[in-house]
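What follows is a single structure, written as structure tokens, with notes after it.
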Amino acid sequence: MKIKKFMAPNMSEAMKQIRLELGDQAVILNSKVVQRKGFLGFMKKRNIEVIAAVDPDAGKNGTVQTAPAYSLKTERGEKPARAPDASARSEKESLQKEIAELKKVVREVSKFANPAYQKYPLPVQKRLNSGSQQGLDESLLLEIGDALYEEWEKANGNLAEEEILKQAKALLQKKLSRFTYGGSRRKYVNLIGPTGVGKTTTLAKMAARAVLERKEKIAFITTDTYRIAAIEQLKTYANLLNVPLEVIYKLSDFKKAIDKFSNFDRIFIDTAGRNYRERQYVRELSGLIDFQAEMDTFLTLSLTMKEKDMKEVVDSFQSIRIDRFIFTKLDETSTYGAAVNLMEQYGKGCAYVTNGQDVPDDMLEATPGIFAEYVFGENGK
């Protein structure tokens, strides 16, 4: 590992020096603004001090080696004195302390060994690595990294990690703000999704809020005739809320239920949980529900699922208009990047996120800021 300190009037000039002497594989270990005295001690000049390093063997095994201890006098070819005086001892101790600090930085850098991030300063690398651990798509992370690096240069490298974190959140929030968020805007609210993601419980939370907070007149419709327990669960919620429930077996039943509840404010529709990676189940669902009605259809997915499986489910529903996602079980995972990736890939926002089983409490109306906080904030360290 070759480590060198560079001094330049700005970060751009420092980067030129680093590339010239150490090459494109160099890593920025640290940078800070320093004041250097001018003529006769007056006219202080503002400079950027940058410590950079390069590992000649990095391309061979992709690892970062720690820097060996060395003596500046040895590097200059000078022989150390046999009996160093107090000044020499002080210089040696100072050098050893600096080398120890550099070793610590190098060890820290080794945690962030993604080659794609090495073009950024270390504080930016840390934030990108945090997003990567959350599962954010790399193309999105590099876009955020470029924007953070622009801010870093504008500040001449004098940008605290807290400010970088704040700006990372703001960049992700702005990126997600182009989608639609929040609850239903239509009379019929339909939840679809695979088995085990918590559709019925989530539907009950939405219905309870409609009754208790908005004083709406509501009803339930269920197509889940595959599991008796599912119907009984929804009946329990219907009884607690004192609202009617209709079970349907075919499209004509659905149309009769709609006519029956024509004077209600909101109709909540629960569907069967099936393996919707199999498109035959999507076709069966289309034969039960009229998706052309005045309806909001929310695809419900659990964040404990693999992202690849979630994408297969979304792809299988391409014949049905999906308005927004609902992401459940945030309390059962520590990674949230998959939710952001799905919204980005499919151009759809999120209605709600749920974080527990309590009805109706454990549910939040989604906003871009919630996802920025979960990915880059304290919830998503």
Can you work out which of the residues in segment 170-186 that are closer than 20 Å to Phe268 by Cβ and among the charged types (D, E, K, R) is modelled with the highest pLDDT?
Arg186
For Asp331, state whether it is open to solvent by 10 Å² or more (accessible area, probe 1.4 Å), out of contact with any helix residue (DSSP H, G or I) (no Cβ under 6 Å at 6 or more places or on another chain), outside any loop (DSSP other than H, G, I, E, B) and without any contact (Cβ under 8 Å) to a residue 40 or more places away in the chain.
yes
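Each row is one residue, and each column tells you yes or no for (1) crowded, with 18+ Cβ neighbours inside 10 Å; (2) among the aromatic types (Phe, Trp, Tyr); (3) touching a helix residue (DSSP H, G or I) at 6+ places or on another chain (Cβ under 6 Å); (4) over 14 Å from Ile192 (Cβ atoms).
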position	(1), (2), (3), (4)
Gly273	yes, no, no, no
Val282	yes, no, yes, no
Leu285	yes, no, no, no
Met295	yes, no, no, no
Phe298	yes, yes, no, no
If Ser316 satisfies every condition in (1) open to solvent by less than 50 Å² (accessible area, probe 1.4 Å); (2) out of contact with any Lys or Arg (no Cβ under 8 Å at 6 or more places or on another chain) but one, which is the exception?
(2)
Restrict the check to segment 252-260 and report whether at least one residue is open to solvent by less than 60 Å² (accessible area, probe 1.4 Å), modelled with pLDDT of 90 or more and among the basic types (Lys, Arg).
no
Which residue is nearest to Ala155 (Cα to Cα), if the candidates are limited to segment 1-35 and must be open to solvent by 70 Å² or more (accessible area, probe 1.4 Å) and among the acidic types (Asp, Glu)?
Asp24
The one condition in (1) open to solvent by less than 10 Å² (accessible area, probe 1.4 Å); (2) farther than 17 Å from Thr200 by Cβ that Tyr346 fails to fulfil:
(1)
Taking the stated definitions as given, is Glu307 surrounded by fewer than 15 Cβ atoms within 10 Å (Cβ to Cβ), of a type outside the set (A, V, I, L, M) and out of contact with any Ser or Thr (no Cβ under 9 Å at 6 or more places or on another chain)?
no
Name the residues in segment 330-364 that are at pLDDT 95 or above and among the charged types (D, E, K, R), would you?
Glu344, Lys348
Selection over segment 198-233 where residues are buried (at least 16 other Cβ atoms within 10 Å of the Cβ) and under 22 Å from Phe254 (Cβ atoms) yields a count of 18
Answer yes if at least one residue in segment 75-82 is touching a strand residue (DSSP E or B) at 6+ places or on another chain (Cβ under 7 Å) and modelled with pLDDT under 70, and no otherwise.
no
Residues located in segment 152-196, provided they are free of Cβ contacts under 8 Å to residues at least 60 places away in the same chain, open to solvent by less than 60 Å² (accessible area, probe 1.4 Å) and over 21 Å from Ala366 (Cβ atoms)
Ala155, Leu159, Ala160, Ile164, Gln167
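Conditions tested, residue by residue: (1) without any contact (Cβ under 8 Å) to a residue 40 or more places away in the chain; (2) outside any helix (DSSP H, G or I).
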site	(1), (2)
Val314	yes, no
Gln318	yes, yes
Ile326	no, yes
Ala338	no, no
Leu342	no, no
Gln357	no, yes
Tyr374	no, no
Within segment 118-132, is even one residue open to solvent by 20 Å² or more (accessible area, probe 1.4 Å), within 12 Å of Leu29 (Cα to Cα) and in a loop (DSSP other than H, G, I, E, B)?
yes
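The values are calculated or read from the model by the stated rules, or taken from the named source; none is laboratory data. All values derive from a computational prediction rather than experimental measurement. Quick reminder, even Gly has a Cβ in these numbers, built from the backbone with ideal geometry, and neighbours come from all protein chains shown. Each accessible area value is taken on the protein alone, full model and side chains, heavy atoms only, with ligands, DNA and RNA left out. Shrake-Rupley method; radii C 1.70, N 1.55, O 1.52, S 1.80 Å.
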